[in-house]
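Note sheet for the following structure.
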């Protein structure tokens with residue numbers, strides 16, 4: 001854990017709120033790094049109080065040539081049939097483009113350490129989804145009604161002499177959380193050039209499903225803060241058709257400080273009747289994740 005605390009995801013336990021997240025090792029001489037997943041346990045009565053921090057990665061990286069050889073970023077953790085399931089993003093390095101992603105699955109009996117279910121991904125490239133499957137948000141409505149909201153690559157393009165990717169949020173359904181049906185169709189219409197979307201978070205309010213997610217411009221986001229990640233908002237009555245209205249997102253960048261250029265990777269959860277959101281700030285969560293509560 002040398003830098004970053006990205007894509008937070010909470011699981012409420014009896015005594016603590018366990019928050020899984022992705023972190024990075026020290027960057028090497030080639031300016032490359034590997035990503036790992038860990039967790040922090042927070043006091044449920046005072047979320048600013050840290051009870052425990054994982055001392056080692058919760059899931060091992062893959063072997064040579066496997067989809068998660070260079071990174072494992074926790075997405076969702078679901079307790080089902082007596083075990084914890086970790087849906088995560090695996091990283092591999094490429095030649096013509098810098099990276100590729102795919103979605104993996106690991107399981108655990110205690111929620112502390114996980115074992116990969118196999119050397120290959122749960123969701124990877126398909127005929128109409130050629131690359132970049134990541135950031136799985138798994139939402140279980142019933143024992144036989146599972147939904148996954150994840151990003152999938154649309155294209156690679158050149159900008160300022162380097163390759164940049166575009167990816168949009170998509171939806172898959174399952175009866176068991178293992179076999180997934182997907183249609184390769186983006187569910188949220190873009191509003192900025194070459195828009196990238198990631199990290200959906202879903203909760204119910206006033207009889208509707210509400211999704212918060214993060215989005216950014218596809219190019220120029222590193223140089224111009226106004227093109228960096230912002231939080232978007234959409235609603236649905238069936239988890240399939242979504243209506244976007246970012247004016248209701250409720251959180252903008254701050255005037256100064258750690259989230260003054262970017263707000264990203266929202267995770268919304270209900271604790272003791274209060275709706276909270278953990279989210280990341282500048283440089284994709286380099287300084288960690290922050291905490292907001294829904295105004296009454």
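We did not get these values from a lab; they are worked out from the coordinates using the rules stated. Note that this is a predicted model, so its numbers are computed, not measured. Heads up, the Cβs are rebuilt from the backbone with ideal geometry, glycines too, and the neighbour counts pull from every protein chain shown.
Figures for the structure shown
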{"item": "FRET E, pair residue 204, residue 295, Förster distance 22 Å, beta-carbon r, rounded to 0.05", "result": "0.75"}
{"item": "Scaled radius of gyration (Cα, divided by 2.2 N^0.38 Å) that the chain gives", "result": "0.94"}
{"item": "Net lengthening on full extension, residue 159/residue 185 (0.36 nm per residue, minus Cα-Cα)", "result": "6.8 nm"}
{"item": "Residues in the range 194-233 reached by a label modelled at residue 126 [backbone nitrogen below 20 Å; 7 Å Cα→Cβ]", "result": "197-201"}
{"item": "Two-site FRET efficiency, residue 275 against residue 81, from Cβ-Cβ distance with R₀ of 35 Å, rounded to 0.05", "result": "0.80"}
{"item": "Extension gain (nm, one decimal) between residue 107 and residue 141, 0.36 nm per residue minus Cα-Cα", "result": "10.2 nm"}
{"item": "Volume in Å³ per residue [convex hull over Cα atoms, computed for the range 157-204]", "result": "126"}
